[in-house]
Amino acid sequence: MPGAADIAAIKKDIETYEATRASVARRVKWRVPLFVGLMVVFVALIAWLFNKVADPNEQWFSTPHVFLYGIGLVASSVLYFQAMKPATRLQQSFRETLLPIIFGSIADMRYQHGGRPNSFDRLPREAVGAFNKQSFDDVVSGRYEEFPFELYEAELRVGSGKDSSTVFKGVIVAFEAIEPFPGVLVATRRTNAVVGFFRGMFASKMQDLSSGVPELDAAYEFRTDNIEAARPLVTGRLAQALKWLGETWPDDPARVALNGADGFLLLPQTKNFFELPDISVPLDYQTHVAPMISDMGAMLATAALVRKIGVRDGAI
């Protein structure tokens, strides 16, 4: 948690943000209805002109009308985001200033927005399943309790258009293992038999094993390409960590993956951890910033616990 001096600095930045936020909120308040409203009026006028040549039975609903409405809908969406740009720019600029101050106690702290995390390519795909689209929001990296980490918000999807679905959405914490695991080990949410069958076809090197704890084996699938090295972890510290995680993240089971010297903690979550409130809402330290700090601390402390999974008894 930040000290008194850091909190004072954060509150001072909030005051600066608030002075600008109020004027930007006023601009957005008239820009959105103006931009979108003009497009609606334009589409209505063109549709009325189409009625002059349309079949009387197809007034307002002829093929050109429907095509026009589709274009108008897309254009309105573009204009909406254009109208919101002053608010988007202000909030992102403030995050880039605020987050390094909030997490100033993290050594070598670095922040980026929307970039591809360095550790993502080392994340075992067995931990998330097949996907063909990925997007990243905030990425924070640094050192916590003397170990390097990378924490980022990710959404992974498979398919395209209306047939696409989310395979993972939440926070991923990548960290350096205390002792490398000789292979790959993943603990993921148990899937149905059909999904498990097809996944097994494309991951023949991975073997299943159980923890011996009925409630964990009902919720999780444990898979590895080194079953002898994985068995004592799955029946020992990994099982203990997952039981604790089940109490901490009860809605959707957290996932754990080990890949050599890299460890990954995956926390499914729909909310944006570092999102600021709407531009129309005054920013308050206690309401909006303190929970952000608490969430970050909890996630890093949990990653520090998971790091101990592969350590031999007596080494810690």
Is it the case, given these coordinates, that Ser119 is of a type in the set (S, T, N, Q), at pLDDT 80 or above, within 20 Å of Asp278 (Cβ to Cβ) and open to solvent by less than 80 Å² (accessible area, probe 1.4 Å)? no
For the condition at pLDDT 90 or above, surrounded by fewer than 16 Cβ atoms within 10 Å (Cβ to Cβ) and assigned to a helix (DSSP H, G or I), what is the one hit in Pro182, Pro232? Pro232
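Condition first: surrounded by fewer than 16 Cβ atoms within 10 Å (Cβ to Cβ) and within 19 Å of Ile178 (Cβ to Cβ). Now tell me which residues in the range 241-283 satisfy that.
So the first thing to find is which residues in the range 241-283 are surrounded by fewer than 16 Cβ atoms within 10 Å (Cβ to Cβ), and the list is 243-244, 246-248, 250-252, 260-261, 270-272, 275, 277-278, 280-282.
Scanning the range 241-283 gives Trp244, Gly260, Ala261.
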Under the condition of being farther than 27 Å from Gly297 by Cα and part of a helix (DSSP H, G or I), which residue from the range 127-179 is least open to solvent (accessible area, probe 1.4 Å)? Gly161
Count of residues meeting criterion [more than 30 Å from Arg26 (Cα to Cα) and either touching a residue at least 24 places away in the same chain (Cβ under 8 Å) or open to solvent by 90 Å² or more (accessible area, probe 1.4 Å) (or both)] in the range 45-88: 10
Going by the structure shown, is Val40 open to solvent by 80 Å² or more (accessible area, probe 1.4 Å), out of contact with any helix residue (DSSP H, G or I) (no Cβ under 6 Å at 6 or more places or on another chain), at pLDDT below 75 and of a type in the set (Val, Ile, Thr)? no
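The values are calculated or read from the model by the stated rules, or taken from the named source; none is laboratory data. Everything numeric here is computed off the predicted structure, so don't read it as measured data. Quick reminder, even Gly has a Cβ in these numbers, built from the backbone with ideal geometry, and neighbours come from all protein chains shown. In case anyone asks, the SASA skips ligands and DNA or RNA and just uses the protein heavy atoms, side chains included. Shrake-Rupley method; radii C 1.70, N 1.55, O 1.52, S 1.80 Å.
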